[in-house]
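The numbers here are math on the coordinates, done by the rules we state, and not lab data. Just so you know, these numbers come straight off a predicted model, no measurement behind them. In this analysis, Cβ positions are derived from the backbone assuming ideal geometry, glycine residues included, and neighbour counts consider all displayed protein chains.
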Amino acid sequence: MGRCPFPGLTDRQLLRDLMRMAGPAVDLAPPLELARLLHSLQVMLSPAAYREVLLSFGPRLRRRLRDAPPALLSACCEPGDGGSWPAWWRQEVLRPWAAELRRLRRALVAGPWQKRSLYERELRRLQLSDLGDAWQLPLLRSLGATASSAVFARRALRAVLRRRRALDASSPWALRALGFVAWDLGGVREDGKLVSTATREMSAELDADKLLSVDLGFLERRYRRHGDLERIVLLELLERSAGRQAAGTVDLFVDRPVCISCLGVIAQFRALLPMVQLRFAFLSPPFFSREPSQQRLQGVIREEPRGTSLEELDSRFWDP
Ligand SMILES: [Zn+2]
């Protein structure tokens, strides 16, 4: 979803009202409900405004962070614009979050080969779909993947945008991730093609013995992940290498955050074909600095989107 209903919120009064209303929830809401509230604010507000909200909660939020579940830590981990955070935030948010990321990385590297149920439990432990823009590239790097070139990222974005422009934002396809992949595998080249998710088109257990996906999502939600485009691409490459220790490079652009299941699929692929260099690009910094528009994320709004999630809200009618 785009950052609505208050994109780039600058209205000081509105921000103050928001904080006043959220105050009791910060004190009293169960930890996961608080995580849900903070995630909603994070989506609605600009990074700078969200950061201001977090800091304004100060000691009352700090109290809630003792024994906080990972989803709440994640909701507090807004790196913002690189400005300074108070010492308690580093101590009580960033450190435990970093420990969670290290634990996740260990599970990803160990893979599902020893015990599938343990692997699934560890990947679902954070109760998150993805790690967020700021953390996914560092984690991918720690798994041995690297960043694609800016030239590839721009070429991929152009191809993906051409497809997005042809999509109506209200169609189910608009919600699906789109990707663009190019490779050179042992001299066999693919110069670039679009890829999309295929969850409904393939069975959940197909090729689970090769690259295992894990159904997961935010808090109690579980989405099917076996047809995610990252897995589709890597399964095709495994098939093309046909048991040979192929060497080469793969560049993959994805216009959604990489989910935790796909981080696992990437780690499994790296273990199977360590000579293949995986490079990634996303719709976020350092590849693109501007906030993506709704058209970039979902396609073109052609009809009046009244009564759908795409309907614009008008802050003039919001009376706290
Ligand atoms: Zn995924």
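Each listed q (0.13, 0.14, 0.16, 0.18 Å⁻¹) maps to a log10 I(q)/I(0) for segment 133-298, found by the Debye formula over equal Cα scatterers with no solvent: -0.61, -0.71, -0.95, -1.22.
What size of dipole, in debye to the nearest 20, comes out for segment 133-298 about its Cα centre when the only charges are +1 on Lys and Arg C-beta atoms and -1 on Asp and Glu C-beta atoms?
500
Highest mobility in the GNM of the chain, judged by mean-square fluctuation with C-alpha springs under 10 Å and restricted to Ala107, Ala99, Ala68, is found for Ala99. The label-point distance for Glu52 and Lys115, in a model that sets each label 7 Å from Cα toward Cβ, rounds to 4.9 nm. Could you tell me the center-to-center distance, by alpha carbons, between segment 28-63 and segment 67-120 in angstrom? Distance between centres, Cα-based: 17 Å. For the chain, the direction-averaged projected area of the alpha-carbon convex hull comes to 17.2 nm². Between Arg222 and Ser171, what FRET efficiency follows from the Cβ-Cβ distance if R0 is 25 Å, with the result rounded to 0.05? The computed FRET efficiency comes out at 0.55. Here's the picture: charge each Lys and Arg Cβ at +1 and each Asp and Glu Cβ at -1 in segment 135-269, and of Ala267, Gly217, Val160 the one pushed furthest to the positive end of that dipole is Val160.
Remark: relative contact order (the chain) = 20 percent; criterion is Cα-Cα distance under 8 angstrom and separation of 6 or more residues.
Ellipticity at 222 nm from helices only: DSSP H runs of n ≥ 4 in the chain, each -39500 (n - 2.57), divided by the residue count, give -13500 deg cm²/dmol.
Placing unit charges on each Cβ (+1 for Lys and Arg, -1 for Asp and Glu) gives segment 28-96 a dipole about its Cα centre, and among Val53, Ala35, Ala68 the Cα reaching farthest toward its positive end belongs to Ala68. Only Lys, Arg, Asp and Glu carry charge here, each on its Cβ (+1 for the first two, -1 for the last two); on that basis the chain has a dipole of about 680 debye about its Cα centre.
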